[in-house]
1. With (1) within 19 Å of Glu213 (Cβ to Cβ); (2) not in a helix (DSSP H, G or I) as the list, and Gln232 as the residue in question, which single condition is left unmet?
2. Residues in the stretch 263-284 that are surrounded by fewer than 17 Cβ atoms within 10 Å (Cβ to Cβ) and farther than 19 Å from Arg101 by Cβ: how many?
3. Starting from residues that are surrounded by 16 or more Cβ atoms within 10 Å (Cβ to Cβ) and either polar (S, T, N, Q) or out of contact with any Phe, Trp or Tyr (no Cβ under 6 Å at 6 or more places or on another chain) (or both), keep the ones in the stretch 225-238 and report whichever is nearest to Asn111 (Cα to Cα).
4. In the stretch 294-310, which residue that is loosely packed, with under 15 Cβ neighbours inside 10 Å and of a type outside the set (Gly, Ala, Ser) is nearest to the chain's Cα centre (by Cα)?
5. On the basis of being modelled with pLDDT of 95 or more and surrounded by 14 or more Cβ atoms within 10 Å (Cβ to Cβ), does Leu129 make the cut?
6. Within the stretch 135-150, which residues are closer than 25 Å to Ser99 by Cα and in a loop (DSSP other than H, G, I, E, B)?
7. Report yes if Phe159 is under 26 Å from Glu213 (Cβ atoms), surrounded by fewer than 23 Cβ atoms within 10 Å (Cβ to Cβ) and among the aromatic types (Phe, Trp, Tyr), otherwise no.
8. What is the one condition in (1) aliphatic (A, V, I, L, M); (2) surrounded by fewer than 16 Cβ atoms within 10 Å (Cβ to Cβ); (3) free of Cβ contacts under 8 Å to residues at least 12 places away in the same chain that Val137 does not satisfy?
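The values are calculated or read from the model by the stated rules, or taken from the named source; none is laboratory data. Quick caveat: nothing in here was measured; it's all calculated off a predicted structure. Note: ideal-geometry Cβ built from the backbone for every residue, glycine included; neighbour counts use all protein chains shown.
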Amino acid sequence: MLRNGVIYCLGLLLLLLGGSRQAVAQELQAEVEITTQNVAITDPQLISRMQSDIREFLNNRRWTNEVYKPNERIRCRIFIGINAIPQNGTYQATARIFSTRPVYGTAYETNLMSYAESWRFNYLPGQPLDFSENSYVNNLSSILGFYAYMIIGMDQDSFSPLGGSRYFDRARNILQVAAGQNADGDDGWKDNGKRDQRSRYWLLNGMQDPQLEALRSAVYAYYRQGLDIFIQKPDDARTSIFTALQGIQQANQRRPGSTLIRAFFETKADEIANIYRSSQSADQKQGVVALLQEVDPTNSAKYQAILQQR
């Protein structure tokens, strides 16, 4: 009887442990694609290995102490185009980072982050991508760690007001450590005197700039109070999204031409046009188009089409 009881307890313990492993997942579900059109690669397996190592680095690491269920993992994609190999093991590339967020009650995935910048890093196949948040190990792992926290922070901002602040603080720590090490000659970690260029430094500075806090607050209004209720209450959702756009307008008046504001509309212009194209309120359409043409003149034609839809 005692033996049967021990076996039962062990079985129950394994079941519980197995269940907890299934219930708790890593935060990111990343896809990675690396292209080499601009360079000659003698060993194609090297790129395949690099792609796999980066994907596993992002997906198999716990970045926070929060509990994420498997279906709550943040979907993200990283496209890396290698432009040059100055020396063996050193790569210059253009990278674009995307992340998406599900809209409540639908199968629709809305774009949350889209950002491109230049990377310079060292990579040797077979050498593990070691990482420490508080000390510099190598530039590639620091870049990936930085963007992991930016992705998580932006996702958290969309679910609660300024909810990503602590993760932006952790990204700041990575940035400061890497900047102090000259990080393989990568200028993306530092202020190069050219405000609002596309770089990690200016991306994070924008997210933590008090003058742009209205933009971060607008993210919550846009997603949680807007898109997440659109199916049930489309009129209320459009009102909340218009409030979000007014917040972005205020941020733009304080920081004209901000990289973050440009990146927001590069990501959302088509979606915003679709949201208001079906509005039944002519006044609302006129108001939103006037606002959008002020803050995002690049996409003026897309917004003008809102007025043409009946």
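1. Unmet condition: (1).
2. Total meeting the criteria: 7.
3. Residue satisfying both the conditions and the ranking: Leu227.
4. Result: Thr298.
5. Values: modelled with pLDDT of 95 or more: no; surrounded by 14 or more Cβ atoms within 10 Å (Cβ to Cβ): yes.
When the stated conditions are applied, Leu129 does not pass them.
6. If the condition is that a residue be closer than 25 Å to Ser99 by Cα and in a loop (DSSP other than H, G, I, E, B), then Asn138 is the only one that fits.
7. Here the answer is yes, as Phe159 does meet what is asked.
8. Result: Val137 fails condition (2) only.
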